[in-house]
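Here the structure is laid out as structure tokens; the discussion comes afterwards.
Read-outs throughout are calculated quantities, based only on the coordinates presented, and are distinct from any laboratory measurement. No experiment lies behind these values; they were computed from the predicted model shown. No Cβ is skipped: glycine too gets one built from the backbone with ideal geometry, and neighbour counts run over all protein chains shown.
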Amino acid sequence: MTAIDPAAPPPAPDAGDEMNFRASRALSMGVELELQIVNRRDYNLSRGAPDLLYLLQSVKCPGEIKPEITEGMIELNSSVHERYETLVEELRAIRDVLVRQADRLNLGIAGGGTHPFHRWSEQRIFDGPRFSFISDLYGYLAKQFTVFGQHIHLGCPSGDDAVYLLHRMSRYIPHFIALSAASPYYQGEDSRFQSSRLNVVFAFPLSGCMPFVQSWAEFEAYFNRMKGFGIVSSMKDFYWDIRPKPEYGTIEIRVCDTPLSVDKAAALAAYAQTLGAHLFDDRSTQPIRDVYEVYNYNRFQACRFGLKGNFIDPYTKAHRTLHEDVRQTLDLLSDRSAAMGTELPLANIREQVARETSEAELLRSWMEQHGALSSVVNRQCAAWRGET
Amino acid sequence: MNELDFLPAFPFHFSGIVLFGALLLAGFCAGEGLYRLLRLPKVTGYVLLGVVVGPGVLNWFDQYFITQSRVFVDIALGMLLFEAGRYLDLTWYRRNPWVVAAGVAAGVLAFVFVLGMLVLLGIDPLIAALVAGIAMSTSPSVVLMVIRDLRAEGQVVERAMTVVALNSIMAFLAVTVLWSGLHLTHSVSLSSAVAHPLYLLAGSLLIGLAGGYLLLGLARLVGPRQGRQFVVIVAVILLAVGIAQVLKLSVLISLLMLGAVTRNLDQLNLREVDLLGTGRLFIIVLFVVVGASLKLDALVAGGWVALALILARFGGKAIALTALASTSGISWQKALWISVAMLPMSGSAIVLAHDVAAMYPELGAQLTQIVYAAVAILEIIGPIAVQFALRMSNEAMPDAAAGGGSASRSVP
């Protein structure tokens, strides 16, 4: 292990003005899913990513499949979509390719925000310059970062639009946390949280939220100051819950646990798209700083209690349960979702809200049924394949 | 009455406990020592200790003690073969039949190459066929223990264990059939020549099946706690070994079947338990006994033929596995490492050769020399080869001393 210079800035990405915001079609969407690769003997995380990627090289697949920081993880990327139907169709197609190749290697693919019983000390870091850098700098945090999330990208026509949308979307972050929560188990223990994954993310110094800038120019100035300090070299160094991605022309919502199925992942993206479209068009409400004052509280409530958690509305100062807030939001979006073709996924979300449950509770029920976490992961693999 | 009757009588008669303890200590030291000093697999340490203290050299651990250790050896073999059987996943083979095809091809090609080479060297064809049949097999115990000691996992590991199991079964079948052929040419009745292999196969499979159902039923009864399941698993393994021996059936097939049945029939109720961790006590004894049983003087008599046999065997397996590599979903480099991991040959080959020699002395002498020599070479270099293959294919865990989190090379 080479000694790392604590004062050295992170490696800079290749040439190109990264901060130039590339205009995107408003509210086009894309999805990234980090998935678990498990062995089918004891259902622990495997080191199968290199073998799987080797096979995928010679297979045609929509979207893109990439390695992640540790060898038990793999990342699935959709292409850009305007509508829910095409997104869900593509995700299912990528899933099928992935599952078929994994089958050849006797590997299981699973969703879920964490691996229930994997010991972080057993992971191996994938070979690659950025991964090695992260491993050197962050020590054990890099291995603990074997968590699995869904990132949702929403297209924006300009940097200023991105800043606006990001701040408005921040109020709704607890929705995405509670709806996607699927990591009740961590390191072999029941964490009592709905999503224990986000606690791991929060350990990184550059996590949290974007500062309350008002325009893209202001954001660029902030970024250049941070770069000047040598704290960051690129946007990738920020682990914010929502993050602008200028090279795609999007904002990226990063708080979701990877759901147990692609259909759920597409549903969450559809919700984000419909909500984003509403926020984008309805400029009568502007972003306010108060959102970030209640942010950590609301976020914790969502991680810990899910839809049953408490939510403080920063605009009206009202308290309500999170499931009530989601329901009100869904009511607000019902006309728009008909026009956008997202009625079906939003109906599924409404049903989840009505039952005040989550995939975390489903995982707990499987543990109750079988008594062993390896059996829970076994069921996760079946769920990913599309079998109930 | 003598006043000194309370003193123990000389010479001392050491019981099994002293034997077990001494072997365990010495074996453990040899294994750990060689690993620390030379980075050799612990199995090699155990085997070399056996060679040194056994009849070949110091003869402290003589034939009497070897016989006394029988129970420990059987327990170890039972655990190892059960664990090996648990690597056989029928769902995988259904989804990717090429894995099985590659394993079968490896066995067949090894047989053909060894047979051809031995016949070319002027060995009697029936003897050559028997040797070739024996040579198809790879020792599940050695491969499994090295995998375990290196905490290796990945495609090479999974496929190596599949090929090991397949080739061991194929070797067993080939030898029993050929042996019947041997009986026939020496005018034993046809019915008994057919009945014997049939009995062996069907009976062993039945034990595995029955034991598997018993074990799964007990596991469900006992519940998911690992501690309880461990006891139940060991109990059933020992019963299976004992019953197979009494009924003169194949312990190899019975236990492989037992492991395979439990793997495939019920994934949700039987937990993975750390058999080989606790079983190491017996496994050390097993490999020390193996070392002590090696006939090193056979190396002088049959050494060159044995080397040729080893090369032909390796060539056959390597060609088959690399040819089918990309169809079965791996790189040819990984397939090559699997072939290298197939080098260890089972000590049971000696038993087989010995049995043939006992019945047909005029044919047997040649056979035993070659087999003893091959086994002697492979029991020592076999584990080293497996370790090499696992390291080179990047499936072994890096040494703790190298620092956790060291970057891996991406393969192939």
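Short version: ³J(HN,Hα) in whole Hz for each residue of segment B:158-165, in order, from phi by Karplus 6.51 cos²θ - 1.76 cosθ + 1.60 (θ = phi - 60°), x for Gly and Pro, what are they?
With the stated coefficients, segment B:158-165 comes to 4, 6, 4, 5, 4, 4, 4, 5 Hz.
Ignore the peptide's own chain and count Cβ atoms of other chains within 10 Å of each Cβ in A:42-49; give me the average, rounded.
3
Where does each of B:395, A:89 land when they are ranked from fewest to most other beta-carbon atoms within 10 angstrom?
Listed from fewest to most nearby Cβ atoms, that is A:89, B:395.
Rounded, prolate or oblate for segment B:136-274? Axes are the square roots of the Cα gyration tensor eigenvalues, ordered a ≥ b ≥ c, and the cut-off for rounded is a/c under 1.5.
The shape class here is oblate.
Counting other C-beta atoms within 10 Å, which of B:384, A:37 has the fewest, and how do the rest follow?
B:384, A:37
Using only DSSP helix segments of four residues or longer, with each worth -39500 (n - 2.57), what per-residue ellipticity at 222 nm results for chain A after dividing by its residue count and rounding to 500?
-13500 deg cm²/dmol
Normalising by the residue count of segment B:292-344, find the relative contact order in percent from Cα pairs under 8 Å and 6+ residues apart.
Computed value for segment B:292-344: 32 percent relative contact order.
With 10 angstrom as the radius, rank A:256, B:29, A:303 by how many other C-beta atoms surround their C-beta, starting from the fewest.
B:29, A:303, A:256
When the Karplus curve 6.51 cos²θ - 1.76 cosθ + 1.60 is applied with θ = phi - 60°, which whole-Hz ³J(HN,Hα) does each residue of segment B:240-255 get, with x for Gly and Pro?
Calculated HN-Hα couplings, in order: 4, 4, x, 5, 4, 5, 4, 7, 6, 9, 8, 5, 4, 5, 4, 6 Hz.
Considering amide H positions built from the backbone, and no H for Pro or chain starts, which residues 5 or more places from residue A:249, or on another chain, come under 5 Å of its amide H?
It is A:22, by chain and number.
Identify the chymotrypsin sites (Phe, Trp or Tyr not before Pro) of segment B:38-92 meeting these criteria: DSSP loop state and at most 14 other C-beta atoms within 10 Å of the C-beta.
B:60
Pairs A:66/A:264; B:42/B:317; A:143/B:317; A:236/B:334; B:248/B:334: which exceed 32 Å Cα-Cα?
In this structure, A:143/B:317; A:236/B:334; B:248/B:334 lie more than 32 Å apart at Cα.
For a protection proxy built on the mean count of beta-carbon atoms within 10 angstrom, sort B:21-28, A:219-226, A:53-60, B:280-287 highest first, please.
Packing order, densest peptide first, comes out as B:280-287, B:21-28, A:219-226, A:53-60.
Report relative contact order for segment A:266-359 in percent, whole number only (criteria: Cα-Cα under 8 Å, sequence separation at least 6).
In percent, rounded to a whole number, it is 34.
Rounded, prolate or oblate for chain A? Axes are the square roots of the Cα gyration tensor eigenvalues, ordered a ≥ b ≥ c, and the cut-off for rounded is a/c under 1.5.
rounded
Please state the shape class of chain B: rounded when a/c is under 1.5, otherwise prolate if a/b exceeds b/c and oblate if not, all from the C-alpha gyration tensor.
rounded
Which order do peptides B:334-342, A:134-142 fall in by mean Cβ count within 10 Å, highest first?
The packing order, highest mean first, is B:334-342, A:134-142.
Across peptide B:151-161, how many C-beta atoms of other chains are within 10 Å of each residue C-beta, on average?
Neighbouring Cβ atoms belonging to other protein chains average 4 per residue here.
Take peptide A:70-76, look around each residue's Cβ out to 10 angstrom, count Cβ atoms belonging to other protein chains, and average those counts.
1
Give the relative contact order (percent, whole number) for chain A; include only Cα pairs under 8 Å separated by 6+ residues.
Relative contact order for chain A comes out at 23 percent.
What does the helix-only formula give at 222 nm for chain B: each DSSP H stretch with n ≥ 4 adding -39500 (n - 2.57), the total divided by the residues, and the result rounded to the nearest 500 deg cm²/dmol?
Rounded to the nearest 500, it is -25500 deg cm²/dmol.
Looking at chain A, what % of its DSSP beta bridges pair antiparallel, to the nearest 5?
Within chain A, antiparallel bridges account for around 90 percent of the total.
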